[in-house]
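In what follows, a structure is listed as structure tokens, so that the remarks can point back to it.
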Amino acid sequence: MKDEIDGSFSYPYQADAAIFWDDSIAAMEEMVRGEKFIWNLADKIYARRLFVDVRPTFSYRGNYSEDLYFNAIALPHAKRIVFQPVYGYHYSMNGESLTHQKYHAGMLSIIGLWVNLLHAFSMSAFLQRRFSSYFAESSIAGLAFLQKNRDPGLVMYQNLVREGMKIACLEIWEREYLEILLCSPKAYQEWKKEE
């Protein structure tokens, strides 16, 4: 249940009955689709063994989308996933929270997460398309931030974006915009002036 800043509330994810999955990829697809439930951790109950037995195939040390990261490494090891239409968690919207902040360097880590997820879930066309969209959005914002600030970390993130572009399902405009952002800082500045 979402508690909005203005005092109103809503139930954005609703279903009338329990849903069961024996296929973790199908459950991941439903979670990413976001129609019945999403990937945050606070409204879920996990089997203890998922915290003890799971060995991550990739690591992530960012402050954004860490819930998605945990679900991406844990759910493929779940024997069964069950959704119950119980709305007992209140998500209080806060204009000062991390998700409402202006873009900053700490947000760059999510680019690596999307690249890892693109590799890890290559067997699902739906997840590939959705993760590709998130990858493009994060990469465009991150590279534009680095170019604007002439950040020394630009080359590292450019290489990460190039890796992701090889496997991402990108729209033509996303690919073209990323190509511009992958230019040298000087060429990028010249393009910005012309624009």
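Taken as a whole, region 53-66 holds at least one residue that is in a helix (DSSP H, G or I) and within 23 Å of residue 108 (Cα to Cα). For region 40-66, the candidate set comprises residues that are without any contact (Cβ under 8 Å) to a residue 40 or more places away in the chain, surrounded by 10 or more Cβ atoms within 10 Å (Cβ to Cβ) and closer than 20 Å to residue 85 by Cα; within that set, the residue that is nearest to the chain's Cα centre (by Cα) is 41. Kindly establish whether residue 176 is at pLDDT 90 or above and farther than 27 Å from residue 68 by Cβ. Yes, satisfied. Of everything in region 140-172, what is open to solvent by 10 Å² or more (accessible area, probe 1.4 Å), of a type in the set (Gly, Ala, Ser) and assigned to a helix (DSSP H, G or I)? Give them in sequence order. Result: 141, 144. Scanning region 90-111 for residues that are assigned to a loop (DSSP other than H, G, I, E, B), at pLDDT 70 or above and farther than 27 Å from residue 147 by Cβ gives a single hit, 90.
The values are calculated or read from the model by the stated rules, or taken from the named source; none is laboratory data. Note that the structure is a prediction, hence the values are computed from the model and not measured. With ideal geometry, Cβ positions are generated from the backbone for all residues, glycine too; neighbour counts draw on all protein chains shown. We work out accessible area using only protein heavy atoms, side chains counted, and drop any ligands, DNA or RNA first. Shrake-Rupley method; radii C 1.70, N 1.55, O 1.52, S 1.80 Å.
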